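Asks: Pasting a structure below so you can have a look.
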Amino acid sequence: MHILIVDDETLARSRLRTLLADCSLPTPLLLSEAAHAGEAMAHLQSGTGRPVDVVLLDIHMPGQDGLQLAHAIRSLPHAPAIVFVTAHADHAVSAFELDAVDYLTKPVRRERLQQALGKALRTARPDAPVLPAAGLAPGEALLIQDRGRTERVPLAEVLYFKAEQKYVTVRTVTRSYILDGTLSELETRYAEHFMRVHRNALVARRAVRALEKHYDPDEGEGWAVRLQGLTELLAVSRRQVAAVREELTR
């Protein structure tokens, strides 16, 4: 994974380098830096070396700011994924209108950075392996009985749990499973990593990609959440809309 850090502050770039070194990544890491928009675009358009997969982009910089630079990046033939990293939380709406993968506020926590990289990696390279959720034990998994066999599904691969009558659907990028149990039990056990978006669904916090207006034939006009790696949308109840918005800007 090639990451370009764009920030006019040397200490901020150094801090991100340190955090990135501590992240658990499934691919080798290549880091580049730029102190302003012009330097960043020169790097992205150079045509030499490995293409940039992800840009970690500050907003307030001398000259062209991060939002303007993001507009320019989007016009590139093979635009990298963009993750905004800023001290200001008031530009989140503008950032997501530019199709940013995530929006992190300084000081950045390693767990949130790794979550953002997981989203960015799935955007830039859809065939890439799913990053583990920070804080989950590497071996933590669900044991699922499937057609006479017991299958071990790593919890870090689960994107959502959805209640379906008397059972729970467990969804990963590649397939679905059926699990005996209740959403309430799963929510209590994994509250740090999964959030309730509807009475019938829990979603992986690391996988939350966007909150969108959505029309449901049964419930009418409302909201839905889009998860990284999936085309389907999951309905969000009105009482959970604020929580999903907050998760997007954490």
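Asks: If the chain between residue 72 and residue 166 were fully stretched, how many nm would it gain, using 0.36 nm times the residue separation less the Cα-Cα distance?
Replies: Here the segment from residue 72 to residue 166 would lengthen by 28.8 nm.
Asks: Amide H to amide H under 5 Å from residue 106: which residues, 5+ apart in sequence or cross-chain, H placed 1.01 Å off N in plane?
Replies: Hits under the 5 Å cutoff: 86, 87, 88.
Asks: Based only on Cα atoms, what mean projected area does the convex hull of the stretch 141-249 have, in nm²?
Replies: Mean projected area for the stretch 141-249: 7.0 nm², to one decimal.
Asks: Over 20 Å apart: what share of the alpha carbon pairs of the stretch 2-124 falls there, rounded to a whole percent? Write down the numbers at each step before the final one.
Replies: Working: 2566 of 7503 pairs.
That tail contains 34 percent of the Cα-Cα pairs.
Asks: For the chain, what relative contact order do you get, as a whole percent, if you take Cα pairs closer than 8 Å and at least 6 residues apart?
Replies: 13
Asks: Leaving out same-chain residues fewer than 8 places away, which aspartates and glutamates sit with a Cα under 18 Å from that of residue 213?
Replies: Correct list for residue 213: 97, 99, 221, 232, 246, 247.
Asks: Which three lengths, in whole Å and largest first, does the chain cover when its Cα atoms are put on their principal axes?
Replies: Over the chain, Cα extents along the principal axes are 58, 39, 32 Å.
Asks: For the stretch 157-250, which GluC sites (Glu not before Pro) are in a loop by DSSP, counting at most 14 other Cβ atoms within 10 Å?
Replies: Working: sites: 157, 164, 185, 187, 192, 212, 219, 221, 232, 246, 247; in loops: 192, 219, 232.
Here the sparse-neighbourhood loop sites are 192, 219, 232.
Asks: Setting aside same-chain residues fewer than 8 positions from residue 106, which lysines have a Cα under 26 Å from its Cα?
Replies: Cross-link targets: 119.
Asks: How much length, in nm to one decimal, is gained on full extension between residue 188 and residue 241, taken as 0.36 nm per residue of separation minus their Cα-Cα distance?
Replies: 17.1 nm
Asks: Another question, then. With an 8 Å cut-off on Cα pairs and a minimum separation of 6 or more residues, tell me the relative contact order of the stretch 141-249 in percent.
Replies: 17
Every read-out reported here was derived from the displayed coordinates using simple, explicitly stated rules and does not represent laboratory data. Please read these numbers as outputs of a predicted model, since none were measured by experiment. In this analysis, Cβ positions are derived from the backbone assuming ideal geometry, glycine residues included, and neighbour counts consider all displayed protein chains.
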